[in-house]
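Quick notes on the structure that follows.
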Amino acid sequence: MYSLNDVSLDINQGEIFGLLGPNGAGKTTLISMLCGLIKPSSGHFTIDGLNYAGHSSKIKKIIGVVPQEYALYPTLTARENLHYFGSMYGLKGSELKDKVIETLDLLGLLKFADKRIETFSGGMKRRVNLIAGILHNPKVLFLDEPTVGVDVQSKNAIIDYLKLLNQNGTTIIYTSHHLAEAEDFCTTIAILDQGKIYAQGTPSGLIASTEKARNLEDVFISLTGKDLRDDI
Amino acid sequence: MIYKIWMSIVKEFLLLKRDLGGLVILFIMPLVLVITVTLIQDSTFKAVSENKIQILLVDNDKGSVSKTVFDNLEKSQLFTVVTQIDGKPITEEVARENVYKGKFQLAIVIPKNLSTDLQAKIDQNVENIVSKMGFSDTIAKPETSKIIQQKEVKLYFDPAVQLSFKSSVMSSIDKMISQIETKSIYTTFQNQLGEENTKFEQKSFITFKEIIPKVNNKEVLPNSVQHNVPAWTLFAIFFIVIPLSINIVKEKSQGTFVRLLTNPVSNLVVIIGKTVTYSAICMIQFYMMVAVAIFLFPHIGLPSLNVEGHLFLMSVVALFSGFAAIGFGILLGTIASTQEQSAPFGATSVIILAAIGGVWVPVFAMPKIMQLIAKSSPMNWALEAFYDVLLRNVSFLEIIPKISLLFLFFIITTCIALFYDKKKRTV
């Protein structure tokens, strides 16, 4: 069974690239491959000119990953979690401590730094989840539905911070079901369904090229249809 | 890499520190286990050796043999002989009923005319021998034509009685009957030869003596604690499989494992972090149990564990046993998808490994096929290494093969886990 089929993409440095598609389209599979979590059975890709076969460690140093689940230790505090994950990127000493404090502060969590993650709300967890992926200032940041299940305030804080990161040179590749959010946030969008890329371009370009489309949702429905995508 | 390993160790310790239930399993339960099991096994041993077991004796003989059996059983310190129930002499029927209902564990039925028939049989045999030696004219001719039937002493055991108890009782009674027969033969020879004044030496010519190993010219007699503490300590060390496999399953379900896979950190760092942490836990468990066995046991009526001169080598064995358990835990945690899979499987497999390894029943007492299986059990290698150190007083060189096997088990199980995980992540 193929999750992805004949997918070909070029993502430029500095882009905010949105991967959109219905459930089971292959978004998470594609992101997982790009992050080195799963190995493709065929095909190849490079990140900053490097491939996983020979430069796995180098790639992992320049990418940051924010998974869909809260990939944190619930019984550790936010600070302990971030110190641990930061150290895995080779950060240490005052550099690590300062970076943790700075990012927690930027995302409004500094006063909760020494509270356990298990006591945090969904929005707070999402923000710590994001920080754990960007402590080392990655060149490329992969985000798998970073705003799912959070309140509007947390969502805004996350999006604002991501925009700031992008302004500082981080290329962002992100998946989402929030089409309005993607339309506002992304510079380039690819619509993926059944493992294939159906369309790729700027949000405004995609809307303009689709008949009767007023927004990205219309483009999405036009390309992927209205059928439910429930699958077991 | 050292820094990443250090941070991994710190993280593992923090996770353990925050998990109160896990800490109880890791430290308190093994102590409860070793104290409880040693107390039970020691009291069972005392019950058998100090409390007399009541047995029924049905005396249909009323002769010298049954009297000797009665006297010997009473003298043995193990049994109290009951010959009457409710003031009436016991019949075979009553004895059988009482034993089969579990009211008594054993009944001995001595057949009718055993003493007279035994004497008659011996007289016949001795007379034959004496005649062939040319003394027939000097001695009265016996009744050689009489056929004497073989006699049978019947034993009834409570069906719930364990086989080991049965066989030890049967061998004691067999020995007692043989002694009576031998004594009768000597006496008859003495009478037949008319040598009333010549006393035959009737004591056994061959005796046996247990030679107890000596340490520093002092005999060291192993007690139940010397056997139990290493066995149950090992059992507890292997129980680390459960929290460790749960820890790995949790990492997978929480997503932290996925995050680590995307970090520039090798699996080796993660595994070393877990191995160092859980090895430290194993060693703390081990020293706690040794301390309890040395200092607490004498206060609760148990013998103290004697580790004089052995503690270093025991620590080495405990460390390598911990490695084997950790390897198994890593493999189980990698293969299991949920805690519901890893926890019961971990617990059951440790119990099976303990049974195979000889924690409950010594390997030499197992059937041949099980002995072969036992030789391939890490718990057996570890237990034998502990016994080598503690009871057989061996040197470090002599335990190297066993601890190497334990380490090899750790390497193999960890490699299988890594290989399995890599395979699983290929699409």
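What to note about this one:
- B:123, B:71 arranged by Cβ crowding within 10 Å, fewest neighbours leading: B:71, B:123
- Residues in segment A:80-85 carry Karplus couplings, in order, of 4, 4, 6, 4, 5, 5 Hz; the curve used is 6.51 cos²θ - 1.76 cosθ + 1.60 with θ = phi - 60°, and Gly or Pro positions show x.
- Separation of alpha-carbon centers, segment B:368-383 and segment B:338-362, rounded to whole Å: 14 Å
- For residue A:111, a cut-off of 17 angstrom between C-alpha atoms picks up these aspartates and glutamates, skipping any fewer than 8 places away in its own chain: A:80, A:98, A:102.
- Distance between the C-alpha centres of segment B:48-114 and segment A:114-162: 82 Å, rounded to the whole angstrom.
- Here B:402, B:103 are placed in order of increasing Cβ neighbour count within 10 Å, fewest first, which gives B:103, B:402.
- Full extension of the chain between residue B:93 and residue B:300 gives 70.1 nm of extra length, using 0.36 nm per residue less the Cα-Cα distance.
- Only Lys, Arg, Asp and Glu carry charge here, each on its Cβ (+1 for the first two, -1 for the last two); on that basis chain B has a dipole of about 1760 debye about its Cα centre.
- The helix-only estimate of mean residue ellipticity at 222 nm for the protein assembly as shown, built from DSSP H runs of length n ≥ 4 each weighted as -39500 (n - 2.57), is -17500 deg cm²/dmol after division by the residue total.
- Calculated on alpha-carbon atoms, Rg and Dmax of the protein assembly as shown in Å: 39.5, 139
- Rounded if a/c under 1.5, otherwise prolate or oblate - segment A:1-51, Cα gyration tensor axes: oblate
- Karplus-derived 3J(HN,Hα), 6.51/-1.76/1.60, for each residue of segment B:157-173, Hz, glycine and proline x: 10, 4, x, 7, 5, 6, 4, 5, 5, 4, 5, 6, 5, 4, 5, 5, 5
- Net charge over other residues, Cβ less than 10 angstrom from the Cβ of residue A:138 (K, R count +1; D, E count -1): +3
- Sum of side-chain charges, residue B:405 neighbourhood, beta-carbon under 12 Å (Lys, Arg +1; Asp, Glu -1): +1
- Counted over chain B, the DSSP beta bridges are approximately 50% antiparallel.
- Residues with amide H under 5 Å from that of residue A:64, placed H, sequence gap 5 or more: A:140, A:141, A:142
- Rounded if a/c under 1.5, otherwise prolate or oblate - chain B, Cα gyration tensor axes: prolate
- Cα-Cα over 28 Å, subset of B:112/B:175; B:75/B:103; A:99/B:424; A:163/B:4; A:125/B:4; A:39/A:212: A:99/B:424; A:163/B:4; A:39/A:212
- Evaluated with a Cβ-only charge set (Lys, Arg +1; Asp, Glu -1), chain A carries a dipole of roughly 700 debye about its Cα centre, given to the nearest 20.
- For segment A:97-107, Karplus couplings with θ = phi - 60° (6.51, -1.76, 1.60), whole Hz, Gly/Pro x: 4, 5, 5, 5, 4, 4, 6, 4, 5, 4, 9
- Neighbour-count ranking [beta-carbon atoms within 10 angstrom, fewest first] of A:227, B:59, A:160: A:227, A:160, B:59
- Cross-link pairs B:52/B:183; B:252/B:274; A:92/B:423; B:209/B:375 - those with Cα-Cα distance over 24 Å: B:52/B:183; A:92/B:423; B:209/B:375
- Taking amide H as placed 1.01 Å from N in the peptide plane, the amide H of residue A:192 sits under 5 Å from that of A:20, A:21, A:198, each at least 5 places away or on another chain.
- Net length gained if the chain between residue B:423 and residue B:349 were fully extended (0.36 nm per residue, minus Cα distance): 24.2 nm
- DSSP beta bridge pairing in the protein assembly as shown, given as percent antiparallel to the nearest 5: 35 percent
- Close amide H pairs (under 5 Å, H built 1.01 Å from N) link residue A:174 with A:17, A:18, A:19, A:143, residues at least 5 positions away or on another chain.
- Cα gyration tensor shape of segment A:123-231, rounded if a/c is under 1.5, else prolate or oblate by comparing a/b with b/c: prolate
Bear in mind that the values in this text are calculations on the coordinates, not laboratory data. For clarity, every value in this text was computed on a predicted model and none was experimentally measured. Note that each Cβ is placed from the backbone with ideal geometry, even for glycine, and that neighbours are counted across all protein chains shown.
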